[in-house]
Amino acid sequence: MRKARTTIATVVAAGATLTAGALAGPALATTARPAGRVTVESCGSVVGTLSHTAAGTVLTATLSGCTGYTGAVAGSGTLVASLSPASSGTFTITWPAAAHLNPSTGTLGVTGPDAQGGYAVGGSITGGAFAGAVARTSLAPARDQATGGQPVTNTAPLEVTRNNW
């Protein structure tokens with residue numbers, strides 16, 4: 001009888017280990033997320049115009065080549081930013097319709113120019129899609145000279161990153 005109890009206990013313990021292993025398998029496993037800042041949305045092309053007024057500068061740009069959680073996003077969106085003479089202000093990003101995202105709003109600052117004439121643009125998203133995340137890109141004067149403002153194009157993708165800690 002004692003040997004039977006020991007054998008049953010061993011089988012029950014082995015079954016518990018097997019069951020626990022099965023529960024930790026792919027069906028119930030959580031997807032590993034990298035720690036730190038990760039990109040949640042990105043647009044490879046930011047092309048627009050800077051218009052200067054007495055109140056500051058307005059950036060109006062078209063976003064394309066965007067990717068998100070589900071991969072490439074068809075269509076284009078817009079980035080509109082109003083900057084004070086102190087190079088800080090507010091922005092609204094209207095994502096491509098295919099992304100099915102609410103517009104992102106927030107505050108931003110501009111630094112530069114760097115040695116190549118480019119400007120770093122970045123800020124915090126305070127409302128809409130990706131609230132609490134950070135958006136950033138780099139812009140440089142475009143070679144084309146259009147009327148109505150200074151053409152600009154990005155030298156780095158527009159990236160929205162958030163902290164996965």
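Within the stretch 80-99, being farther than 19 Å from A55 by Cβ and part of a strand (DSSP E or B) holds for I93, T94.
Residue-wise test of (1) more than 14 Å from the chain's Cα centre (by Cα); (2) over 14 Å from R162 (Cβ atoms).
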{"position": "T90", "(1), (2)": "yes, yes"}
{"position": "W95", "(1), (2)": "no, yes"}
{"position": "G106", "(1), (2)": "no, no"}
{"position": "G109", "(1), (2)": "yes, yes"}
{"position": "G112", "(1), (2)": "yes, yes"}
{"position": "T126", "(1), (2)": "no, no"}
{"position": "A129", "(1), (2)": "no, no"}
{"position": "A135", "(1), (2)": "no, no"}
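Here the condition is being within 20 Å of T155 (Cβ to Cβ) and assigned by TED's automatic domain parsing to the domain that holds A142; of T92, T57, T53, T105, it holds for T57 alone.
Being hydroxyl-bearing (S, T, Y) and modelled with pLDDT of 60 or more, is that true of even one residue in the stretch 27-44? Yes, the stretch 27-44 has at least one match. Within the stretch 93-106, at least one residue is under 14 Å from E41 (Cα atoms), touching a residue at least 24 places away in the same chain (Cβ under 8 Å) and touching a Pro at 6+ places or on another chain (Cβ under 9 Å). Among the residues of the stretch 133-152, is any in contact with a Leu (Cβ under 8 Å, 6 or more places away or on another chain) and of a type in the set (D, E, K, R)? Yes, there is a match, as at least one residue in the stretch 133-152 is in contact with a Leu (Cβ under 8 Å, 6 or more places away or on another chain) and of a type in the set (D, E, K, R). Among the residues of the stretch 32-64, those that are among the small types (G, A, S), touching a residue at least 60 places away in the same chain (Cβ under 8 Å) and surrounded by 13 or more Cβ atoms within 10 Å (Cβ to Cβ) comprise S42, G44, S45, G48, S51, A61. If the condition is being at positive phi and in a loop (DSSP other than H, G, I, E, B), then the stretch 33-73 contributes only G36. Every residue in the stretch 120-134 that is touching a residue at least 24 places away in the same chain (Cβ under 8 Å) and buried (at least 16 other Cβ atoms within 10 Å of the Cβ), please. Within the stretch 120-134, V121, G123, I125, G128, A129, F130, A133, V134 qualify.
The values are calculated or read from the model by the stated rules, or taken from the named source; none is laboratory data. As the structure is a prediction and not an experimental result, all values here were calculated from the model. Quick reminder, even Gly has a Cβ in these numbers, built from the backbone with ideal geometry, and neighbours come from all protein chains shown.
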